[in-house]
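Remarks on the structure that follows.
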Amino acid sequence: MDFQLTDEQTLLRDTTRELLSRSYDPESRNKVIGTDLGWSREVWSQLADTGILGLGFDPDEAGQLEIMVVLAEAGRRLAPEPILHAALAPGALIAELGTDAQKEQLDDVAAGQRLLAFAHLEPGRRAPAADLDTKAVPQGDSWTVSGRKNPVLAGDCADALVVSAALPDGGTGLFLVDAASVTRHPYRTFDGQRGAQIDLDAAPAEPLGEAVDASQTVRDAIIRIQASLCAEAVGAMEEALRLTTDYLKTRKQFGVTLNKFQALTQRAADMYVSLELARSMSLYASMSIADGNLDPVIASRAKLQIGRSGRHIAQESIQLHGGIGVTAEYPVAHYAARLTAIEHTLGTSGDHLHNLIDHIGDYDLARL
């Protein structure tokens with residue numbers, strides 16, 4: 001099977017890499033994530049001009065493989081812009097379910113002029129659940145939504161929210177809510193990203209398309225987000241490993257560089273094995289989605305391996321760097337923080353392992 005990128009995907013990868021490499025080095029990134037916004041509107045505009053913020057809105061033009069390529073480069077540079085959470089993920093929901101009038105706002109999203117957020121997770125839940133405490137109530141010809149969503153990544157800066165809520169007759173509906181009608185409690189996550197707790201108190205809401213059960217659409221959206229996060233993690237792992245091997249080639253102990261010590265090079269080789277396992281599972285997840293197979297078991301397989309590989313590479317990167325690996329001025333600790341955050345987003349490795357265990361009965365027993 002050919003796993004090579006097409007010419008168009010290669011061009012997209014190279015363009016994204018050049019844009020983000022030009023925009024960020026460790027020092028400039030630290031300055032940007034220290035601002036109130038936490039990311040650069042100038043870079044956001046450049047991403048829009050390149051067409052990145054509209055990927056996936058039209059499946060005939062781009063899909064999950066293109067998103068995988070872009071987010072791997074974002075992970076490589078630790079770009080703080082909420083490409084996935086403020087544009088691609090909620091935008092895809094509007095593109096799939098929205099009315100023609102609702103879809104019109106996607107032009108502004110792709111142009112970088114309108115920010116979205118997907119408000120689905122609720123406090124006290126380790127992973128996405130089918131039953132929601134947030135409720136949608138019809139008010140004549142309109143709707144209101146009440147409840148609490150947290151964490152909502154990019155919820156601090158979003159202009160509009162795609163909110164999931166329980167419908168009166170059962171099932172989960174998706175609603176568009178103006179961010180001005182909710183109460184936001186913004187915060188900074190430990191990896192430098194931004195999020196918010198969203199409190200909705202009878203907030204006016206517009207059904208995304210029809211007010212019908214959209215549980216399957218929500219499940220598919222979560223699978224796509226998980227695969228996208230896996231791609232970002234692979235990019236971060238690649239750069240963490242590169243930084244580590246470069247350090248072993250230059251740092252000296254007892255008059256020789258560290259790569260002369262066999263035990264250290266073996267540990268670096270083990271990191272490479274973890275990276276390749278993660279890369280193959282990320283590609284497997286994205287290719288499955290591109291083929292129309294949005295299987296939560298495949299998503300759990302990928303998320304489990306990415307979590308394990310990310311933890312291994314993050315810990316070894318810091319260990320092999322020594323004290324400098326935990327300083328804020330050096331990038332390795334930031335890669336470790338981002339990999340840890342991805343591992344805990346939409347289910348930890350343990351959560352996905354339990355999900356896979358629950359599906360063991362779906363397979364025939366192999367007998368030797």
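The values are calculated or read from the model by the stated rules, or taken from the named source; none is laboratory data. All figures in this text were calculated on a predicted structure; none of them were measured in a lab. Positions of Cβ are generated from backbone atoms using ideal geometry, with glycine treated the same way; all protein chains shown enter the neighbour counts. Accessible surface is based on the protein model in full, side chains and every heavy atom, while ligands, DNA and RNA are left aside. Shrake-Rupley method; radii C 1.70, N 1.55, O 1.52, S 1.80 Å.
A compact table of results
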item	result
Inter-centroid distance (Cα atoms) of the stretch 301-368 relative to the stretch 258-274, Å	19 Å
√(5λ) per eigenvalue of the Cα gyration tensor, the chain, largest first, Å	36, 24, 20
FRET E, pair SER21, GLN266, Förster distance 30 Å, beta-carbon r, rounded to 0.05	0.45
Inverse of mean 1/r across different Cα pairs in the stretch 194-329, Kirkwood, Å	17.7 Å
Net charge contributed by nearby residues that have their C-beta within less than 11 Å of GLY209 (K/R +1, D/E -1)	-3
Reach of LYS260 by Cα under 17 Å, taken over lysines that are not fewer than 8 positions away in the same chain	LYS249, LYS252
Stokes-Einstein D for the stretch 116-212, Kirkwood Rh over Cα pairs, 4 °C, 1.567 mPa s (µm²/s)	98 µm²/s
Burial ranking of peptide ranges 159-171, 131-143 (average Cβ count within 10 Å, highest at the top)	159-171, 131-143
1.4 Å probe accessible area per residue over the chain, in Å²	47 Å²
Accessible carbon and sulfur surface of the chain relative to its total accessible area, %, 1.4 Å	51 percent
26 Å Cα-Cα reach of LYS303 towards lysines, excluding residues that sit fewer than 8 places from it in its own chain	LYS149
Neighbourhood net charge (12 Å Cβ-Cβ; Lys/Arg +1, Asp/Glu -1) for GLY195	+2
Accessible area (Å², 1.4 Å probe, nearest 10) - LYS260	150 Å²
Rounded Å value of the spacing that divides the Cα centres of the stretch 83-104 and the stretch 2-73	18 Å
Structure-based [θ]222 nm, the chain - -39500 (n - 2.57) summed over DSSP H runs of at least 4, per residue, nearest 500	-16000 deg cm²/dmol
Point-to-point label distance, ALA202-ARG311, nm (Cα→Cβ direction, 7 Å offset)	4.7 nm
Relative intensity, log₁₀ I(q)/I(0), of the stretch 28-137 from a Debye sum that treats every alpha carbon as a point, q = 0.15 Å⁻¹	-0.75
Qualifying GluC sites (Glu not before Pro) for the stretch 295-368 [loop in DSSP, other Cβ within 10 Å: at most 11]	GLU329
